[in-house]
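Let me begin by handing over the structure; questions about it come next.
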Amino acid sequence: MPARRCSRPSRFVSAAEVEPLLTAFAAALLGGWADKTQATAAMLAERYRSRALLPALVLAVAANSIASAVGGSLLRLEISVHAATLLLAVALAFAGAAGLIGERARQPTHRGGAFLTALVSLFAAGWGDKTQYLVAALAAYYANVPLIAAGAFVGTLAVTLPAAVGGKAFTGAAPLKPLRIVFGLVFLIAAGIVVVNALHLV
């Protein structure tokens, strides 16, 4: 008799498993466009023209992404799923309004070298902006810190890295304001959809 082959069931990644990662990535990518972190990265690139900006950018973005995701997950322990859904709607609406209005970044303060100045300035620029609120709300909604933090990290890095490399050349060539307004409208529409689904209006 021929030997029987032992076949293992194939492990496919479902859409539900990658949804938090992709959603956080999209939120950070769209929310980070023309925001304070991107503008700060461009100003730092013009001031220093140093390779030390890139590791500082990576560390600052990682710290903000992890802090936002952890904060949202802790909030989830205190609220219900329904409340987390409404919180996500509020964060999306805030991101939309901020996108339409625009955010002005402060000129980085010299703190003793390109790396330290960039690290502190980029961390401060990302603290309390619309992307951080979005990431925290998504972490509260999905209750998945690793995927939300990873998606936010990659999305934010993708939108800030060109500014850190190109400086004024990037900000002068990229259509910052039109896309910021378009993405703001996208967030407002998404907020409306979340509210309608949460309140079962349709």
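Taking the stated definitions as given, is Gly155 in contact with a Phe, Trp or Tyr (Cβ under 6 Å, 6 or more places away or on another chain) and either surrounded by 15 or more Cβ atoms within 10 Å (Cβ to Cβ) or not aromatic (Phe, Trp, Tyr) (or both)?
yes
In this structure, does Leu54 turn out to be among the aliphatic types (A, V, I, L, M) and closer than 18 Å to Ala136 by Cβ? Step through it out loud before you land on a result.
On the way: among the aliphatic types (A, V, I, L, M): yes; closer than 18 Å to Ala136 by Cβ: no.
Answer is no for this residue.
Would it be correct to say that Thr117 is in contact (Cβ under 8 Å) with a residue 24 or more places away in the chain, closer than 22 Å to Glu46 by Cβ and surrounded by 13 or more Cβ atoms within 10 Å (Cβ to Cβ)?
Here the answer is yes, as Thr117 does meet what is asked.
Right, another one. Check region 56-66 and report whether any residue there is among the polar types (S, T, N, Q) and out of contact with any Ser or Thr (no Cβ under 8 Å at 6 or more places or on another chain).
Checking region 56-66: not a single residue is among the polar types (S, T, N, Q) and out of contact with any Ser or Thr (no Cβ under 8 Å at 6 or more places or on another chain).
Which of (1) over 18 Å from Ala152 (Cα atoms); (2) in a loop (DSSP other than H, G, I, E, B); (3) in contact with a Phe, Trp or Tyr (Cβ under 9 Å, 6 or more places away or on another chain) does Ala45 not meet, given it meets every other one?
Result: Ala45 fails condition (2) only.
Checking Ile193 against (1) modelled with pLDDT under 90; (2) surrounded by fewer than 14 Cβ atoms within 10 Å (Cβ to Cβ), which test does it fail?
Result: Ile193 fails condition (1) only.
Checking Val81 against (1) surrounded by fewer than 18 Cβ atoms within 10 Å (Cβ to Cβ); (2) at pLDDT below 90: exactly one of these is not met. Which one?
Unmet condition: (2).
Of the residues Ala24, Ala45, which single one is farther than 26 Å from Ala191 by Cα and crowded, with 18+ Cβ neighbours inside 10 Å?
Ala45
Would you check if Leu188 is out of contact with any helix residue (DSSP H, G or I) (no Cβ under 7 Å at 6 or more places or on another chain) and not acidic (Asp, Glu)?
The answer is no for Leu188.
Still on this structure, I have one more. How do the pairs read when you match residues in region 163-175 that are within 16 Å of Gly102 (Cβ to Cβ) and assigned to a helix (DSSP H, G or I) with residues anywhere that are of a type outside the set (Phe, Trp, Tyr) and modelled with pLDDT of 90 or more, using Cβ under 7 Å and keeping only pairs 6 or more apart or on different chains?
Ala163/Gln38; Ala163/Ala41; Ala163/Ala42; Ala163/Ala45; Thr171/Ala42; Thr171/Ala163
The values are calculated or read from the model by the stated rules, or taken from the named source; none is laboratory data. Since we're looking at a predicted model, the values are computed, not measured. Because the Cβ atoms are built from the backbone with ideal geometry, glycine has one as well, and the counts that use them run over all protein chains shown.
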